[in-house]
Amino acid sequence: MLAGWRAWPEEFANRYRAEGCWQGETFGQLLRKRAAADGERIAVVSGDQRISYAELDHRVDRLAAGFLKLGIKAEDRIIVQLPNIAQFFDTIFALFRIGALPVFALPVHRRSEIVYLCGFSEAAAYIITDKDSGFDYRELASQVQASVPSLRHVIVAGDPGSGAFTSLDDLYIDAVNEVYDRLDAQGPDSGDVAFLQLSGGTTGLPKLIPRTHDDYIYSLRVSAEVCALHKESVYLAVLPAAHNFPLSSPGVLGTLYAGGCVVLARSASPDVAFPLIRSEAVTITAVVPPLALIWLEAAQSRHYDLSHLQVLQVGGAKFSAEAAKRVKRVLGCTLQQVYGMAEGLVNYTRLDDPEEITVNTQGRPMSPFDEVRLVDEDDVEVPPGEVGELLTRGPYTIRGYYKADKHNERAFTSDGFYRTGDLASMTPSGYLVIEGRSKDQINRGGDKVAAEEVENHLLAHPNVHDAAVVAMPDEFLGERTCAFVIVHDPAISGNELKAFLRKRGLAAYKIPDRVEFMESFPHTGVGKVSKKSLRELAAQQQDERVNVSK
Ligand code: OOB
């Protein structure tokens, strides 16, 4: 068993097996089965590539053979940072087959995040693309390798350049059948950890989320059912496929689970996505709220044929009821709100729910085995209809972060419920309405920013005495980031501090949108920095700015 992973207690594991949630299948076997049953059907469309299930299965075998030859083995952690390209699937399924663990980085992550992930997970390899959206990942990889000498391989999809990097293309090798058979015979157990997801984070350093084959495949099965996926379904991936929402809710993996077709978009812009919806007859796709607003605008001003689209999923951050009401009228499809988390629990509005529910709630738990509680600050359940922190446990919700014993004591209750840090109320029919957050995090239109992580980077500047990062309301993203800073020498500008953070290799979405200088911070009764007061101040300043600009 992977060291640093907290499995479900035996009693729960037995129950989830007995109830048929965990069915003993691994990702490697799942793909093998789809290839045997529906080999000719198209699994993945990427640009002008159309890859059938049989081809995908074979590509995965060949790449797994190459990974093995390179020395990658079961339980090795492999940082995967790929955009929405076909090799993403070859890579993750090949690693699944070997039992090596992808660690899902997002394409927007930069040196700070990747160096940390490589070091913390003691990664054996880092898999990137050559260039994407004008960014050269090979340069990033060179910097990462210089900081993490234990990293054995950098593997590049595309041109590996002149350095010592390995070409992913060269790793697809035609092995003899025995090698493939051995892969199946020696593959991982369905109860093993399959990969590590990234948490949105509330602390100084991102946490890693271990998900097993059993638990994740269960979440795919239920998601595919709730979203009525079948072999004719066509899912368009516009969000980065490595994120839990487009990965599994039902996302690209839920679509493959159902035998449907995944279409990969290199950009989420309507100019790219809308033509794909028409040409590939896309039936379902998933967006974050700011993107939904852009699509709603674009669909009104330009005339695209979106008639194939049956379901638009919106999640990752709160979608305003006002915008939600427009989806059906403007895009002509059903809105499905999705409230989920990489730690597990996913809630959906159902496709046949009345508009009252799809517009005003964030859905209800997808599985009858999900347990949810809404509690006050003393962990006592709040009366029906009132707001409380959402706690949850179930067959696909983790019992602990990877190698984070101390943090786990706070993040989970003693009886194994995950503290989501989300404030919610529940309707009489069991639907959740997200009302706010108790965790120290900013949700920038679906991108999660851990306040403490950014504060630590600011504190690394010699001129910064103290820093407090909070959310400020924003019409488009829902929230943006405001950093309040106390400096020793006032001869420094906000832009200089932002440039400092960028130089430290922090992902762009974590750079504060605004920096405000202060002489001292407001305090709470016990002398802690009052983030509540700072949030109010940031909101007030924001209002004043908006009024001035009007
Ligand atoms: C999804 O996953 P993460 O891990 O990036 O972020 C989880 C957090 C939640 O705890 C909540 O604070 C927020 O994102 N969130 C929402 C939301 N969906 C997620 N807040 C309000 N309304 C929503 N609909 O974001 C994620 C994972 C799987 C499916 C969907 C989203």
Q: Select from the stretch 98-123 the residues that are surrounded by 22 or more Cβ atoms within 10 Å (Cβ to Cβ) and among the aliphatic types (A, V, I, L, M) and write down the one among them that is farthest from the chain's Cα centre (by Cα).
A: 98
Q) Considering only the stretch 434-460, how many residues are surrounded by fewer than 19 Cβ atoms within 10 Å (Cβ to Cβ) and either within 9 Å of the ligand (Cβ to nearest atom) or free of Cβ contacts under 8 Å to residues at least 12 places away in the same chain (or both)? A) 1
Q. Pick from 170, 189: which is surrounded by fewer than 20 Cβ atoms within 10 Å (Cβ to Cβ), over 22 Å from the mean Cα position of the chain (by Cα), in a helix (DSSP H, G or I) and modelled with pLDDT of 95 or more?
A. 170
**Q.** Hits in the stretch 502-550 - residues which are in contact with a Leu (Cβ under 7 Å, 6 or more places away or on another chain) and closer than 24 Å to residue 206 by Cβ
**A.** 511, 515
Q. For the stretch 243-252, what are the residues that are of a type outside the set (Phe, Trp, Tyr) and under 23 Å from residue 275 (Cα atoms)?
A. 246, 247, 250, 251, 252
Q.
I want to confirm something. Restricting to the stretch 225-270 and keeping residues that are part of a loop (DSSP other than H, G, I, E, B) and within 15 Å of the chain's Cα centre (by Cα), which single residue is surrounded by the fewest Cβ atoms within 10 Å (Cβ to Cβ)?
A. 240
Q: Kindly check whether there is at least one residue in the stretch 376-390 that is of a type in the set (Gly, Ala, Ser), within 15 Å of the ligand (Cβ to nearest atom) and in a loop (DSSP other than H, G, I, E, B).
A: no
Q. Is it true that some residue in the stretch 338-349 is more than 13 Å from the ligand (Cβ to nearest atom) and either out of contact with any Leu (no Cβ under 9 Å at 6 or more places or on another chain) or assigned to a strand (DSSP E or B) (or both)?
A. no
Q: Report yes if residue 399 is closer than 26 Å to residue 221 by Cα, among the basic types (Lys, Arg) and either within 13 Å of the ligand (Cβ to nearest atom) or touching a helix residue (DSSP H, G or I) at 6+ places or on another chain (Cβ under 9 Å) (or both), otherwise no.
A: yes
Q. So residue 309 clears everything in (1) out of contact with any Pro (no Cβ under 8 Å at 6 or more places or on another chain); (2) in contact (Cβ under 8 Å) with a residue 60 or more places away in the chain; (3) part of a loop (DSSP other than H, G, I, E, B) except one condition, right? Which one?
A. (2)
Q) Out of all the residues in the stretch 317-334, is one or more buried (at least 19 other Cβ atoms within 10 Å of the Cβ), within 12 Å of the ligand (Cβ to nearest atom), within 22 Å of residue 437 (Cα to Cα) and polar (S, T, N, Q)? A) no
Q) Quick one: what pairs do we get from the stretch 58-78, first residue aliphatic (A, V, I, L, M) and crowded, with 19+ Cβ neighbours inside 10 Å, second assigned to a helix (DSSP H, G or I) and at pLDDT below 95, C-beta under 7 Å, 6+ apart or different chains? A) 64/183; 65/179
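The values are calculated or read from the model by the stated rules, or taken from the named source; none is laboratory data. Note that this is a predicted model, so its numbers are computed, not measured. Cβ sites come from the backbone with ideal geometry, for glycine too, and all protein chains shown count toward neighbours.
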